[in-house]
Amino acid sequence: MTRLKARLAKSPNPFGKALFAILTKDHLSESDWEDVEDTLLMADVGAEASEQLVKQLRDDARITGQKDPAAVRRGLHQRLIDLVDPDMDRTLAAARPQANRPSVIIMVGVNGTGKTTTAGKLARLFVADGKSVVMGAADTFRAAAADQLETWGGKVGVPVVRSDRDGADPASVAFEAAGRAKNDQADVLIVDTAGRLQNKANLMDQLGKIRRVIEKNLPVDEVLLVLDATTGQNGMIQAKVFAQAIGVTGIVLTKLDGSAKGGIVISVQRELGVPVKLVGLGEGPDDLAVFDPESFVDGILGDE
Ligand SMILES: Nc1nc2c(ncn2[C@@H]2O[C@H](COP(=O)(O)OP(=O)(O)O)[C@@H](O)[C@H]2O)c(=O)[nH]1
Ligand SMILES: [Mg+2]
């Protein structure tokens with residue numbers, strides 16, 4: 001069993017399981033269908049996707065007559081898989097091997113979502129895969145942010161390019177990090193950024209500048225938006241601002257081990273049109289997993 005599935009199945013009442021309980025009742029009344037929709041909304045699936053799923057499940061129920069629990073489960077499983085969209089490409093964009101240059105990943109997102117932690121975990125995954133990594137601490141608001149990344153670097157054996165000055169220009173750190181990755185002929189450069197910016201213009205400015213200076217040395221392959229799954233629809237609004245500020249190529253959904261209900265996977269992919277590529281399942285170095293739709297749906301159905 002995958003860890004994603006195990007973690008989700010451990011939540012007190014995974015929403016898929018709650019749906020299944022309603023769908024296998026003898027007679028489904030209007031109020032049961034409302035319960036189905038409420039269950040989806042409360043699980044952060046989002047209004048549009050919830051409405052669509054209810055409509056599909058109602059059609060399915062009319063056709064099958066709703067008798068056999070195993071068939072209901074199979075149907076629900078398939079509908080949920082379709083919503084998560086198994087056809088999205090979830091591989092991390094990397095430089096082509098023949099390009100002979102480091103792949104570049106920029107981490108973006110609101111303060112506290114898990115950018116720095118995910119940068120560290122990701123570095124560890126690449127190192128385990130035999131790749132050489134450089135990290136850049138372009139969150140320069142507080143020295144503590146760079147310290148945190150450096151601690152991760154030490155833990156996973158990866159050099160960190162940083163400034164020693166609070167409030168140094170984040171773009172200049174990013175520029176230096178890209179230069180270092182190129183000179184070292186590293187396989188991957190991961191650039192951590194700050195999330196605490198007062199307004200969108202400010203954010204666009206800063207992220208745009210970070211991207212441009214990196215591109216003086218290396219093309220940017222991936223911009224990962226880190227989103228805290230426990231913040232629900234609130235996090236979604238912020239996510240959109242980041243998506244507009246800098247083109248996002250993938251989403252990392254962190255803290256799926258906490259109180260998150262998981263439906264946010266469906267709503268965020270729809271809203272941003274970008275796949276969830278990785279999920280955070282804890283604070284430890286190994287608590288990062290590639291997002292897999294089958295494990296996800298099994299988990300929210302509460303399958304053992
Ligand atoms: N439970 C849990 N905690 C996480 C996860 N990812 C990050 N955190 C914690 O969230 C807090 C903020 O993380 P940090 O990486 O500093 O966020 P940043 O401000 O976006 O860089 C830290 O206490 C992390 O240990 C996760 O997947 N699960
Ligand atoms: Mg940070």
Sorting Ser31, Ser11 on the 10 Å Cβ count, fewest up front, what's the list?
Ser31, Ser11
Could you work out how far helix 200-214 tilts from the main Cα principal axis of the chain, as a 0 to 90 degree angle to the nearest 10?
60
Could you give the spread of the C-alpha atoms of the chain along their three principal axes, from largest to smallest, in whole angstroms?
67, 40, 32
Nearest-ten-degree value, helix 47-64 long axis tilted from longest Cα axis of the chain:
40
Give me the percent of Cα-Cα pairs in the stretch 55-141 that sit more than 21 Å apart, rounded to a whole number.
58
Set of lysines near Lys240 by C-alpha distance (under 16 Å), chain-local residues within fewer than 8 positions excluded:
Lys200
Can you give me the Rg/Rh ratio for the stretch 3-84, using Cα atoms for both radii and the Kirkwood formula for Rh?
0.94
Calculated from DSSP H runs of 4 or more alone, at -39500 (n - 2.57) each and per residue, what is the 222 nm mean residue ellipticity of the chain, nearest 500?
-15500 deg cm²/dmol
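Determine the shape class of the stretch 144-298: with a ≥ b ≥ c the square roots of the Cα gyration tensor eigenvalues, call it rounded for a/c under 1.5, and otherwise prolate if a/b is greater than b/c, oblate otherwise.
prolate
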Can you list residues whose amide H is under 5 Å from Gly250's amide H, if they're 5+ apart or on another chain and H is modeled 1.01 Å from N?
Val223, Leu225
Which whole-number percent gives the relative contact order of the chain, counting Cα pairs below 8 Å spaced six or more residues apart?
28
Local net charge near Ala95, Cβ-Cβ under 14 Å (Lys/Arg +1, Asp/Glu -1)
0
May I ask which of Lys155/Lys277; Lys131/Lys155; Lys209/Lys277; Lys5/Lys55; Lys5/Lys255 have a Cα-Cα span longer than 19 Å here?
Lys155/Lys277; Lys209/Lys277; Lys5/Lys55
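DSSP loop trypsin sites (Lys or Arg not before Pro) in the stretch 179-226 with at most 14 other Cβ atoms within 10 Å of their Cβ, which ones?
Within the stretch 179-226, the qualifying trypsin sites (Lys or Arg not before Pro) (loop, at most 14 other Cβ atoms within 10 Å) are Arg196, Lys216.
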Could you line up Ser132, Ser295 from fewest to most neighbouring Cβ atoms inside 10 Å?
Ser132, Ser295
If I fit a long axis through the Cα atoms of helix 143-156 and take the longest principal axis of the Cα atoms of the chain, what angle between them do I get, 0 to 90°, rounded to 10?
80
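None of the figures in this text is laboratory data; all of them are computed from the coordinates on show. Bear in mind the structure is a predicted one, so any value in this text is a computation, not a measurement. Positions of Cβ are generated from backbone atoms using ideal geometry, with glycine treated the same way; all protein chains shown enter the neighbour counts.
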